[in-house]
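Bear in mind these aren't lab numbers, they're just calculated from the coordinates by the rules spelled out. All figures in this text were calculated on a predicted structure; none of them were measured in a lab. Glycine also receives a Cβ, built like all others from the backbone with ideal geometry; neighbour counts cover every protein chain displayed.
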Amino acid sequence: MWSFPKIFLILVLMKSCYAAPAASSERVETDPRLIAGYTEGDMILSKDRNGLINEAVHWPNGIVYYRFNNDIDQKDRNMILQAFRTIESISCVAFQEANCDQLCYLNITSDGLGCFADVGYQHSVQRLNLMKFDCYTPGIIIHELLHSLGFYHQQSTWNRDEYIRINFENIKEGMESNFDKYNKNEVSNFGEGYDYGSIMHYRSTGFSKNDKPTIVPLIAGYENLIGTRQELSMADIRKLNAMYKCHEKV
């Protein structure tokens, strides 16, 4: 039988051998739109896409067919349905539940890490994932739905350097490509100016390694606005209507 002092000594030695690793000082990303590991955090891109301008990636006739996975409960379904109604109320885009014969639809899931979506119409079954709890705010749901409709992030537009500065020194190593910008042949602002208040804008500390800004507006006063909006801006609404030619359907 071991004595108490010997047992105590063994426990002390074990603790010294299995000491907890030192805590990392690098900032931990908490935005659920940035943790899934896709392009710019939450965008699944196909290799043959040109982007917003290409009408082949717009949903035919502005009708988005969808199905809910069984992992989404009624409360969360109601929040998504409300986001559908919001988009329908300001555009000609319509959401319809897919029947058994529908081959191309938006498969809405809640079983992956983070909030993410395929960008634009895929001509097949495509995914939009909303992680339980973290993704269920009006702003995040609408943000991901706009990706599905064909929107990229505002800060990736071709003329962004006239309006924001990217602080690459504050970006986590290996995440720099998330701040690439697209050219005029890939994306369009549909006649709208740069929109700091867009629901599609990153937060100022997106992919930051040290909690310092990675995006700095070049016009003072917008530092705390970007990336916080829970509603579509007026420019978002006008761009969506231009993309889907809603004015021609009135």
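A few points about this structure:
- In this structure the amide hydrogen of Val64, modeled in the peptide plane, comes within under 5 Å of the amide hydrogens of Ala94, Phe95, Gln96, none closer than 5 places in sequence on its chain.
- The packing ranking, built from the mean of other Cβ atoms within 10 Å per residue, places the peptides 115-126, 153-164 in the order 115-126, 153-164, highest first.
- Ordering of 211-218, 85-92 by packing [mean C-beta count within 10 Å, highest first]: 211-218, 85-92
- Inter-label distance, nm, simple model (7 Å from Cα along the C-beta direction), Asp161/Asp101: 5.3
- Ordering 60-68, 230-238 by mean Cβ neighbour count within 10 Å, with the highest value first, yields 230-238, 60-68.
- Built amide H within the under 5 Å cut-off of Arg165, gap 5+: Val216, Leu218
- The alpha carbon gyration tensor of the range 84-133 gives principal lengths a ≥ b ≥ c with a/c of 1.5 or higher and a/b no greater than b/c, which makes the shape oblate.
- Length-normalised contact order for the range 84-215 - Cα pairs under 8 Å, 6+ apart - percent: 19
- The range 105-250 shape via C-alpha gyration tensor axes, a/c threshold 1.5: oblate
- Length-normalised contact order of the range 113-168 in % [C-alpha pairs under 8 Å, at least 6 apart]: 37
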